1. Just the residues that are within 16 Å of ASP478 (Cα to Cα), in contact with a Leu (Cβ under 9 Å, 6 or more places away or on another chain) and of a type in the set (A, V, I, L, M, F, W, C), please, taken from the stretch 418-442.
2. Can you tell me how many residues in the stretch 149-180 are surrounded by 19 or more Cβ atoms within 10 Å (Cβ to Cβ) and hydrophobic (A, V, I, L, M, F, W, C)?
3. Within the stretch 206-229, work out how many residues are at pLDDT below 90 and over 30 Å from ILE567 (Cβ atoms).
4. Give me the residue from the stretch 220-249 that is buried (at least 17 other Cβ atoms within 10 Å of the Cβ) and part of a helix (DSSP H, G or I) and, out of that set, farthest from the chain's Cα centre (by Cα).
5. Give SER525, SER477 a once-over and let me know the one that is at negative phi, crowded, with 21+ Cβ neighbours inside 10 Å and in the same structural domain as LEU565 (by TED's automatic domain parsing).
6. Go through the stretch 421-523 and tell me which helices (runs of 4 or more DSSP H), entirely inside it, have 2 or more residues that are touching an Asp or Glu at 6+ places or on another chain (Cβ under 9 Å), modelled with pLDDT under 90 and not aromatic (Phe, Trp, Tyr).
7. For the structure I just gave you, tell me whether PRO365 is surrounded by fewer than 21 Cβ atoms within 10 Å (Cβ to Cβ), in contact (Cβ under 8 Å) with a residue 12 or more places away in the chain and not charged (D, E, K, R).
8. Going by what's in this entry, would LEU217 be described as more than 27 Å from the chain's Cα centre (by Cα) and either in a helix (DSSP H, G or I) or crowded, with 21+ Cβ neighbours inside 10 Å (or both)?
Amino acid sequence: MNSLDILIIAVYCLGLLAIGFAFSRKSAQSSSQMFVAGRQSPWWISGLSAYMTMFSAGTFVVWGGIAYEFGLVAVSISMGYAVSAFIVGFFLAGRWRALGVSTAGEYIRLRFGNKPFMFYTWFKVIFSFTTGLALYGLARVICPLIQLPAHWFIVDPDTVQAGAEVGQLSVFWACGILGFIVVAYTMVGGLWAVLLTDTLQFFVLTVSVLLAVILGLNHIGGLGQFLTQTPEGFLNFTAGDFTLIFLFGWMLVNAFQLGAEWQFLQRYFCVSKPEDARKALYLFGILYLILPLFFMAPAMFYRVITDNADPEEAYILMCREVLPPGMIGMMVAALFSATASMVSSVLNVYASVLTDDVYKGTLRPNASERETVHAGRIITIMIGAYMVAGSILIPSLTTMRDWIIIFTSLIAPALLLPTIWGLYSRKITQSAVWWCVIANVAASLLVRFGFRAGGWFGGIEFLAPAIHLNESNMRVSDIMVGIIAPVVVLIFMEFRAKKEAEGWRRLTEVATKNQREETPSVVDSHGPATVMVWCLGFLSAIMLIISIINPGERKVLISATILLLAITVLFIPLLKKTRRPLTSPGS
C-alpha cells in the first residue's frame, strides 16, 4: 500500500465524519430525528442501509474464507438472506411500521411488560460488546497492508524486523481509530448520518468489488481457466457441514433476525408508511439475490492461484494481487464501509432504546428534547467505547466464524421468536420469553456437552448413534436446536393460554392511537440526494485521478468512473422534485 492508498483512506474517513456533522443540526432537533430520522427516510435509503447493516469486514473474512475453502456454497449462504428478506417484507416489515412505535424496546415494554423489556435491553447492550468483533476483523485485514515508520507509537513492534525502518499498524490502535470514527459520526449525526453513510458505502463497496472481480478474472486467465482449475465440488451449492438442511435453517434464523433484530426494526420505523417498509425489504432481498456471486468471487479466484493461503486472508490477498495503486485504498475504505455500517447501526439503535425508553421513559420522564438529545449522545459514546473494548478482548476467546455461527443459530432465535410471535398472537405473555430462553439454553447445553464423545452421555451405548449423528452434523444441530426449542415452547404456550393477554390489549390500543394521531411525514429526499451527489461526484474525481496514474488498467478504471458518474446522475432529479419536509410527530 502506497501513499496514495493511505491518502484515499484518510479522505474517505474524513468524508464520513463530514456527513455526520452535516446532519448534526437536524439530529439535534429532537430524539425522533436522532433515532428514527423523523420518519422521513426514503424507502430506498432504508433498504440500502438494512443491506449494509448485514455486512462487516467479517463478511469478507468469514464468508470469504468459506468461499476460498468450499467455493460456491458461500454464495448459497449469502443468498439465503434474500429469501429471508422476501418473507419478512411480505409478513412483518409493514406490520412493524403500522404499530407507530419508535423503538423495539417500546414494543417489548407494551407487549410483554417492564421485566422482559429490561432483560432484553440489558442483555442486548451487554452483548453489544461482541459487535467489536467486526472492528477486530477489519483491523486484522487492513493492518498487514498499512506500512508505517517503525518509530511511530501506533506501529506493532512485533512486525518490525531487525534493521527495518517500517512496520505494520497495530491491531490495537486500528480498533481504537476505526471505533472513534464510527462513534463520532453516529453520535453527532444520529440515524440520518447512519443511513446516509450506509448508502454511500453501498456504492463504494459495490464498485470496488466489481473492479476486483473484473481484474481478478483477467489475472487468472478468464472464466474458462477458473472453471477448469477449481477443485472437485468447488462449484456445488452445498459442501461439508453446509448441507441443504443447514441452508434451510440458516434462512429461517436470518428471517427471525430481519424480522425482530432491533437494528433492522429501526429501518422499518424510520420510513413514512408501512408500504415503504415492505419495499425496503424487497430491495434488500433483490440485492442479495444478485450480488453475492460478485462479492464472493475474488476469494474463489484466489483458490486458483494458491491452495495453501489462510482462508481468512484470501479475499484481501486477491485484492492486493490485482488492484492497482489507489484502488487498494479504495478497497480498504470499502471494507471499512461494510464494518462501519454494521457497527453504527447497532450503536444507534441501542443508544436509542437506552435514551428513549430507559433515560427518558424511566429515569427522567420530564426531560426536555435538548436534554434527551445530549443524553443520547453521551450514551452513544459510552456504548461505542464498550464495543471498542470488545474488539480488543473477545478475539482471544474464540474465532470470528465460530462466534457468528454460534450466536446466530443458538442465542438469537430464543430472543427473536417471542418478539415476532407476539406481533400476531393475542395470548402469549411474558412467561413465553422466559421459557424460550430457558428451553434454548438447556437444549443447547444438552446437544453441545451431552451428545458428544466424552460428553455427559458418552458412555451410554444405545445413545452412541445419536452422538455420532450430532458430532458429524454440528452446524445443523446448532441451527435446528436454536429453532426447534423456542418454537415448541411457543406452540405449547399458545394452546395452553385461555384468554387474551394484557400486553396485546396495550399494544393494540397504542397502535390505534398512533395511527389516529400520526401526521404523515413528507419523505426527505432532498438532503440525502444532495449528500449523494457531492460524495459520489468526489469519488468519481478520485477514480479518474487513479485511472490517469495507472495507465495499465486505465480502461477498467475509466469504466468504473463512468459507472459512478451514472449513479450520481440518478440522484439529480431528487434535488428538483422534493418539497421541503414537514415537521414529523415528535420532532
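1. Listed by number, the residues that qualify are CYS436, VAL437, VAL441.
2. Qualifying residue count, the stretch 149-180: 6.
3. 0
4. PHE226
5. SER525
6. Output list reads 474-496.
7. Spelling it out, it is not the case that PRO365 is surrounded by fewer than 21 Cβ atoms within 10 Å (Cβ to Cβ), in contact (Cβ under 8 Å) with a residue 12 or more places away in the chain and not charged (D, E, K, R).
8. Yes; evaluated as a whole, the condition is true for this residue.
The values are calculated or read from the model by the stated rules, or taken from the named source; none is laboratory data. Everything numeric in this text was worked out from a predicted model, so none of it was measured. When we count neighbours, we look across all protein chains shown, and the Cβ atoms used for this are built from the backbone with ideal geometry, even at glycine.
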